[in-house]
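*Asks:* The following block contains the structure, expressed as structure tokens.
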Amino acid sequence: MSTVATKTDLAYQQCIMPHCGETYDVGEVRTSCDKCGSLLDIVYQWDSLPVPKKLREFEAKWMRRNEPLCRSGVWRFHELLPFADPEKVVTIGEGQTPLMASEGVGSFVGMKPGQLFLEYEGMNPSGSFKDNGMTAAFTHAHTIGAKRAACASTGNTSASLALYCCVSKLMQAVIFIGSGKISYGKLSQALDYGALTIQIAGDFDDAMQRVREISSRLGIYLVNSVNPFRLEGQKTIMFRVLESLNWEVPDWIVVPGGNLGNSSSFAKAFHELKELGLVDRIPRLAIINAKGADTLYELVENRGLRWNQGKPNSEVMDTYYAELDAAHLRADTIASAIEINRPVNLFKCLRGLECMDGVVREVTDQQILDAKAQVGMSGLGCEPASAASVAGAKMLREEGIIDPSERVVCILTGHQLKDPTATVAYHTSDQKEFDRVLGSRGVSRAAFANRAVQVENDLDAIVRSIQLNS
Ligand code: F0G
């Protein structure tokens, strides 16, 4: 295996704010800069590291799929996230995810045939993209000898952490969730995998604040996406997209926005690839919020907040958060995975938007569920939050910002079975169930519902019903 950048001169942590730029050893555990409180990046001295001259060189690893580090869709790109000692890597075969062209979803979005792709991250071991980042953060935690790891979660991060702890037996998982704000599919994973599950009276934003306090008080390793190592793993989603497109750069990456870790990591991936001369251009980024949790949209598109080359006007954010508090406004969307009002990676994401010439949109729960039904019909299926990417691509197509002949990749972040309640309610023939689960979210119709046919328990009646409906 290649040289590893465990020394400060080859890889280090650095404050993202250009006016600060404070650096820290990769062996330190931190989620913010001591000097100015901002987020951190992992930075590499590429000149002294063995980086392939062409992305295509990674294909050689396919031949060595019997080696765990080559089988992993994260660690086969180890040279592009070289902070970890290969001996310490904890992998459970994450990142073996397909990119599929979808004619059905493409036509729903309004694209020319062959131009719409779905990156299906639901195929990960715990059923969401989180495993890409978890293997990286978990590896770092293991490297520094952590015995407990914690996160706040809307469900997927916790399922992922619980799984890595359970399989590796290296750490205990301590997870924080809000009350009633987690789908049963995700909660059942954490419980099954044996995580210590703390459900607090409050929502994700409250749980996030508490887990930060608890981690620092009890010295528990924090794996939320404020952890810069998490984002190193998530960069590989972009490497695999390129790999599936025969190393050609698409025109658009469209991703749901919650805590904004994924979008931030995608921008870092492309920034580094460009810096290394491994790609000749950077695709545009579209981040899609749910309307009931639209902080990024509000701040960027309505209030003009920008990274501004490292000088964002944080007063715009402070004023908005004060307004939310004064109005007692809480995030509320059927896409529970992205039901977040205070995204922890906001400033990193602003930098990413600048780097990828990005746009932000918000979509309603109705648009999310209709898009989700289309994804389901395409044969992949996803949870509601993931479908925000498809709904957002359709909106940008209708606005003329995405051209029908451009190449668009929507990231399907989580598996269909993560949240069957929303799916069944959408398709249900029981109006009361529809209204109970969806009506209160402003969903008034199910344009693509596949309703169960009610029929009495009688052979002839069943035959008649099949003939009538087929
Ligand atoms: N899609 C799914 C399925 C998610 O679970 C999340 C985040 C996102 C999108 C948003 O990604 O935070 O990087 O912008 N889920 C987190 C969790 C918050 O706790 O599982 P992001």
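*Asks:* Which one of Ser470, Phe448, Ser429 is farthest out on the positive end of the charge dipole of the range 428-470, using unit charges on Cβ (Lys, Arg +1; Asp, Glu -1) and the Cα centre as origin?
*Replies:* So the residue furthest toward the plus end is Phe448.
*Asks:* Can you spot the lysines whose alpha carbon is less than 16 Å from Lys112's alpha carbon? Ignore those fewer than 8 places along the same chain.
*Replies:* Cross-link targets: Lys394.
*Asks:* Given the DSSP H assignment, sum -39500 (n - 2.57) over each helix run of at least 4 residues in the chain and divide by its residue total; what's the result at 222 nm in deg cm²/dmol, nearest 500? Walk me through the numbers on the way to the answer.
*Replies:* Details: 15 runs with 171 residues, N = 470.
-11000 deg cm²/dmol, from helical runs alone.
*Asks:* Straight-line reach only, C-alpha to C-alpha below 21 angstrom: list the lysines that Lys130 could link to, leaving out same-chain residues fewer than 8 apart.
*Replies:* Lys88, Lys147, Lys169, Lys181, Lys186, Lys235, Lys268, Lys348, Lys372, Lys418
*Asks:* Exactly which trypsin sites (Lys or Arg not before Pro) in the range 220-327 are in a DSSP loop and have at most 11 other Cβ atoms within 10 Å?
*Replies:* Hits after loop and neighbour filter: Arg281.
*Asks:* Treating only the Cβ atoms of Lys and Arg (+1) and Asp and Glu (-1) as charged, compute the dipole magnitude of the range 428-470 about its Cα centre; round to the nearest 20 debye.
*Replies:* 320 debye
*Asks:* If you rank Asp192, Asp460, Asp131 by fewest surrounding Cβ atoms within 10 Å, what's the result? Show your work: numbers first, answer last.
*Replies:* Working: Asp192 12, Asp460 8, Asp131 33.
Ranked by crowding around the Cβ, least crowded first: Asp460, Asp192, Asp131.
*Asks:* Something else about it: Only Cα pairs under 8 Å and at least 6 apart count here; give the relative contact order of the range 34-116 as a rounded whole percent.
*Replies:* Once divided by the residue count of the range 34-116, the mean separation gives 20 percent.
*Asks:* Related question: Any chance you could check the Cα centroid distance between the range 96-143 and the range 314-389 for me, in angstrom?
*Replies:* 17 Å
*Asks:* Let me ask something else about it. With +1 on each Lys and Arg Cβ and -1 on each Asp and Glu Cβ, and nothing else charged, work out how big the dipole of the chain is about its Cα centre, in Debye to the nearest 20.
*Replies:* Its charge dipole is roughly 680 debye.
*Asks:* Can you tell me the relative contact order of the chain? Whole percent, Cα pairs under 8 Å, sequence separation 6 or more.
*Replies:* On the way: 945 pairs, mean separation 74.3, N = 470.
Result for the chain is 16 percent.
Bear in mind these aren't lab numbers, they're just calculated from the coordinates by the rules spelled out. Please read these numbers as outputs of a predicted model, since none were measured by experiment. Please note: Cβ atoms are built from the backbone with ideal geometry, for glycine as well, and neighbour counts cover all protein chains shown.
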